[in-house]
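The values are calculated or read from the model by the stated rules, or taken from the named source; none is laboratory data. Keep in mind that this is a model prediction, so the values were computed, not measured. Positions of Cβ are backbone-derived with ideal geometry, glycine not excepted, and every protein chain shown enters the neighbour counts. For the accessible areas, the whole protein counts, side chains as well, though only heavy atoms, and no ligand, DNA or RNA atoms are used. Shrake-Rupley method; radii C 1.70, N 1.55, O 1.52, S 1.80 Å.
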Amino acid sequence: IVGLEGAVAACERLDVPLIPVGGLGENLLIEGLGDLGDIEPGDLVRIVPEGVTLPAVVLVARKQNEPCANLRIYHRLMPKELFGKRGVICTVEKEGTVHAGDRVDLVRAPHD
């Protein structure tokens, strides 16, 4: 998953057009949780449809996704700008259907 806020901030700092949806290789682009740089392994990302209390989808964060050199097509410094903000690699704990506009909740795992 990729946080829209991280991509927007990187593009603004580098003064380049916004990276198109899918341009970071994301399977899910979310808005409202920032750049996702503070998500840690074990944290849960829950996708909750409007008007529903239980999540339709639950993802378990595994690790931060490091930016690769392919992102230089947008700007030569894009990998550096997105370091720690490129998104999160997750596994699916509960699969379901996601729709634009669904609420995204972050549930922190207990960390030492």
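Longest exposed-loop-site-free stretch of the chain, with GluC sites (Glu not before Pro), DSSP loop and at most 14 other Cβ within 10 Å?
With a cap of 14 other Cβ atoms within 10 Å, the longest stretch comes to 51-94.
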Relative frequency of Cα-Cα separations exceeding 22 Å in the range 1-73, percent: 28 percent
Net charge of neighbours whose Cβ lies under 13 Å from the Cβ of residue 56, counting Lys and Arg as +1 and Asp and Glu as -1: -2
Exposure rank, largest accessible area first [21, 58; 1.4 Å]: 21, 58
Fraction of accessible area attributable to carbon and sulfur, the chain (%, probe 1.4 Å): 53 percent
Rg/Rh (Cα only; Kirkwood hydrodynamic radius) as it applies to the range 40-110: 1.08
Per residue accessible area in Å² of the chain, where ligands, DNA and RNA are left out and the probe is 1.4 Å: 61 Å²
Degrees, to the nearest 10: 4-14 long Cα axis against longest axis of the chain: 10 degrees
